[in-house]
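To start, the structure under review is shown below, and the notes come after it.
Rule-based calculations on the coordinates, nothing more; no lab input. Everything quoted here is computed from the prediction, not taken from an experiment. Methodologically, a virtual Cβ is constructed for each residue, glycine included, from the backbone with ideal geometry; neighbour enumeration extends over all protein chains shown.
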Amino acid sequence: MCDCFRLAFPNWHAASSGTEKQQASCDNVVAQNNSNRNEEQHLQSEEQIRQQLTELLGVAPDADSIRRYVSQRFPKPPVDVDQKLPQHLLNVQETVHKELVKLGPLLKPMGLMGCLIESYHRQTFEHLDDLLDKISSSKNCFALMMWLRDTYLSQEPCDQSDLHEMDPMKTVDMLLFTECAAKAKDKLLEHVQKEVREILEGILQHERSKEAYNELYLDTIQCIDAMHKTAQKISPKLSDYVQEVCFQELGMFLKSYTTMQIEILEEKAKMDKPETKLFFKTLNNCNKLEQYVQTKAKDILLKETKDHSLSEETMATLRNMEDFTLDLLMKVVANTAKSHLKRYFKSDSKEFFLLIDEVKSLFSELSCCQDIGLQKRVIDEAYKLIVHNYLKCLIKIKCRSPNVGQTVAKDAEILHDTFSVLAPDVRQWNIMLLKVKELLECESIDATKLTVGSMQRDCFTWSEDRKLLPKLLKWKGLSGQDVREVQKILEDLPR
């Protein structure tokens, strides 16, 4: 710029600089005014929120007032909790959801939303604890535990837009949850034990009045399985606890059942003509319950410590009862066989069919015992027993007829045909009787040795009937020396 211009306009630069400063000052004023306006609006908004919260809470919002509000607004338990629990839990769920949606956005700007969520979590667990004390059935314990797992811990309500930002499930106090779950489990097991015991006692009472009804094992298994299956829906671990309690009650029930049944069966066995249906039903109940316990034993909680004493004790009780029932039934069979065989061998008519008819009558209700293997076991024992008693009666005959061997063989065939109908493919326990004819026809000591040797080889009942051999040989007509000689030879033969 030339000096002449400066001389002519000495204040030009100063005027320009002042204008810029004035512009900057105006901008600052506008910015400050905007900031003040925003701050004023924010303060007004906070004040409005505070006033809203004060109206809702009754006092100025803080942690204590929030906790009191939550406690006051939380649904109270119904008078009849057992009848109204499902509806009440739904009410709790809806109330908590509604209050979180209403208060959450208001408390968030004040940094108190976390306090609200924590208060509702704590209040909920305290409420559930109170409900557990009022519940009086396993059904409602199961319902509460299911609600706790499927509804309370579910993320589904939190995925809704109004609760998504809060995400209350992130702040669940797991210690409170664990304590609540533990108490629920303990209360459930108390109710399960009480209810299963009452049901099993009812089954026992029915058993006393009906004398071994077919449904005993079914009702017993259904009672235990119902509890176990419901618990399985909640937790496999819980089902282990429930099944252990059920098996403890089953063990006590079976002790009472077997004690009662022993008395009843012993009275039946003393009768002149005992009804065997009761024996078969008892065998069936024991067999079915034994199969059930054996199948379920591996699932019992105690398996984790390798302690199977509970299931083993139950199995032992059932097996002992099964053995006792079978032994007593065989005494009935033996007494019946002895009575008929004595008359048969003393009479001239030789009506063997009377014994056969009695055998058929004794086992007419065998189908009450549903397990085919157990049926075969019963028939095997009865078949062997009758053959043994036939031999004992036979060797007492002092004056035998010439065709006695043929008669014994015919009776042996009738016996086998009869028992084959009762249990197809039954073992041929009559071989000892079939050999009597051959033994009587032996004319030399050597032939007798061969026949007796074949009897030892072929007869399945040799161990039971071997003690009858000396008497059988004497009954044939051998001298004492010949009998000892035959027995000595037999000692060297394989058995």
(message) As an exercise, use a Förster radius of 41 Å and the Cβ-Cβ distance of S209 and C442 to find the FRET efficiency, rounded to the nearest 0.05.
(response) 0.10
(message) What does the extension gain come out to for L153 and M271, with contour length at 0.36 nm per residue minus their alpha carbon separation?
(response) 36.0 nm
(request) Pull out the extension gain between I489 and D219, defined as 0.36 nm times the separation in residues minus the alpha carbon to alpha carbon distance; nm, one decimal. (result) 91.4 nm
(message) Per residue of region 426-441, what does 6.51 cos²θ - 1.76 cosθ + 1.60 with θ = phi - 60° give for ³J(HN,Hα)? Whole Hz please, x for Gly and Pro, Karplus curve as stated.
(response) 5, 5, 7, 7, 9, 4, 4, 5, 4, 7, 4, 4, 5, 5, 5, 7
(message) I need the calculated FRET efficiency for the pair A63 and Q83, taking r as the beta carbon distance and R₀ as 35 Å, to the nearest 0.05.
(response) 0.40
(message) So for each of 382-388, 325-331 I average, over its residues, the number of other beta carbons within 10 Å; can you give me the resulting order with the highest mean first?
(response) 382-388, 325-331
(request) Per residue of region 195-209, in order, report the coupling 6.51 cos²θ - 1.76 cosθ + 1.60 (Karplus, θ = phi - 60°) as ³J(HN,Hα) in whole Hz, putting x for Gly and Pro. (result) 6, 5, 4, 5, 5, 5, 5, x, 4, 5, 4, 5, 5, 4, 7
(message) For a protection proxy built on the mean count of beta-carbon atoms within 10 angstrom, sort 191-200, 78-87 highest first, please.
(response) 191-200, 78-87
(request) Determine, for each peptide in 395-408, 310-323, the mean count of other beta carbons within 10 angstrom over its residues, then list the peptides with the highest first. (result) 310-323, 395-408
(request) Determine, from the Cβ-Cβ distance of R466 and M260 and an R0 of 45 Å, the FRET efficiency 1/(1 + (r/R0)^6), rounded to the nearest 0.05. (result) 0.70
(message) Which lysines, if any, have their Cα less than 19 Å from the Cα of K108, not counting same-chain residues under 8 positions apart?
(response) K98, K170
(request) Under 21 Å Cα to Cα from K346, which lysines show up? Leave out anything in the same chain fewer than 8 places away. (result) K338, K392, K396, K398, K410, K437, K471, K474, K476
